[in-house]
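Every number here is computed from the coordinates shown, using simple stated rules; none is lab data. Bear in mind the structure is a predicted one, so any value in this text is a computation, not a measurement. Note that each Cβ is placed from the backbone with ideal geometry, even for glycine, and that neighbours are counted across all protein chains shown.
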Amino acid sequence: MRKFSLVSVPYFWLLILFLVPFLIVLKISLSDTALAIPPYTPTLDLSEGWAGFKAFWSELDFENFVFLTEDALYWKAYLSSLQIAAISTTLALLVGFPIAYGMAQAPDEWRPTLMMLVILPFWTSFLIRVYSWIGILSTEGFLNQFLLWLGVIDAPLIIMNTKIAVYIGIVYTYLPFMILPIYSALEKLDGSLLEAAEDLGCTRTKAFWLITIPLSRPGIIAGCFLVFIPALGEFVIPSLLGGSETLMIGKVLWEEFFNNRDWPVASAVAVVLLAILIIPIILFQRNEQKQREAGK
């Protein structure tokens, strides 16, 4: 009973906050659009009991999902989101790994301070942090004014409403999720292994690639998943920094729900997005399980 009570709590949490909402969205995705409140006609009526289920199966169709394959907007949005999320994750890794490595190599008395500096942005509202980049990256923003003052550029750079601004926003926002797992892995690294490698003739660079990188791989994988998964469905950053030209599935989903009020199609978009996210989520869980088993 003790084990059952411990396991039942997270499963009950997932049931209430994930499975039930997902089933509701799935039900709407199989419905028909209607000019009503709510704006759809459900194909499954639970109040009719078994007769409702029989009518549901007899009239079941996947026209909303088929529509996603016929309209180029949706599959282009999925591909664009995958591209932006993958590039943002790569950039976050290139920026976050040196920071995590420097934190792991810092003296013990400095590590808590460095950790606090990494976590410090979370003390500020997410929207405020994203809005601040508008003041930095805009044509008359701080970055252009500073570069003009230095004489590096002759005319303001156009960064806002481009993919570059989206990359900057995503990398800045999710960088701590990349740094912390890598730092956790590097902090446990046994320095004697590097010394032994150098004694056996390895240069520091070669020892870094042969020892440090493989031993920090669990943290790298965890950090990449923690950045890639939320970046794939990001909505706020591309809306504020990317403008109308940046196509991401999160923006398309919002527009279908609130602008077009096409809830069945929007629900189908959400179901497909969740299906895409399940793959990295499962891989991330398996990686975490392997780490726990290795720790034992």
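Here are a few things to note about the model shown:
- Among 188, 3, 163, sorting on how many other beta-carbon atoms sit within 10 Å of each Cβ, with the fewest leading, yields 3, 188, 163.
- Cα point-scatterer Debye curve for the chain, base-10 log of I(q)/I(0) at q = 0.10 Å⁻¹: -0.76
- Over 29 Å between alpha carbons, listed pairs 27/76; 163/290; 27/251: 163/290
- Helix 217-232 and the longest principal axis of the C-alpha atoms of the chain enclose an angle of approximately 40°.
- Each of 236, 7 was scored by other Cβ atoms within 10 Å of its Cβ. Listed from fewest to most, they are 7, 236.
- Under a 5 Å amide H cut-off, with hydrogens placed 1.01 Å from N, residue 33 pairs with 41 among residues at least 5 apart or on other chains.
- Projecting the Cα atoms of 133, 157, 117 onto the charge dipole of the chain, computed from C-beta unit charges around the Cα centre, puts 117 farthest toward the positive end.
- With semi-axes defined as the square roots of five times the eigenvalues of the C-alpha gyration tensor, the equivalent ellipsoid of the stretch 118-210 measures 39, 20, 10 Å, largest first.
- The chain - charge dipole about Cα centre, Lys and Arg +1 at Cβ, Asp and Glu -1, debye rounded to 20: 840 debye
- Computed over the chain with a Gaussian network model linking Cα atoms closer than 10 Å, the most mobile of 136, 84, 237 is 136.
- Residue order, fewest to most beta carbons within 10 Å, for 179, 16: 16, 179
- Structural descriptor for the chain: relative contact order 26 percent, calculated from alpha carbon pairs under 8 angstrom and at least 6 residues apart.
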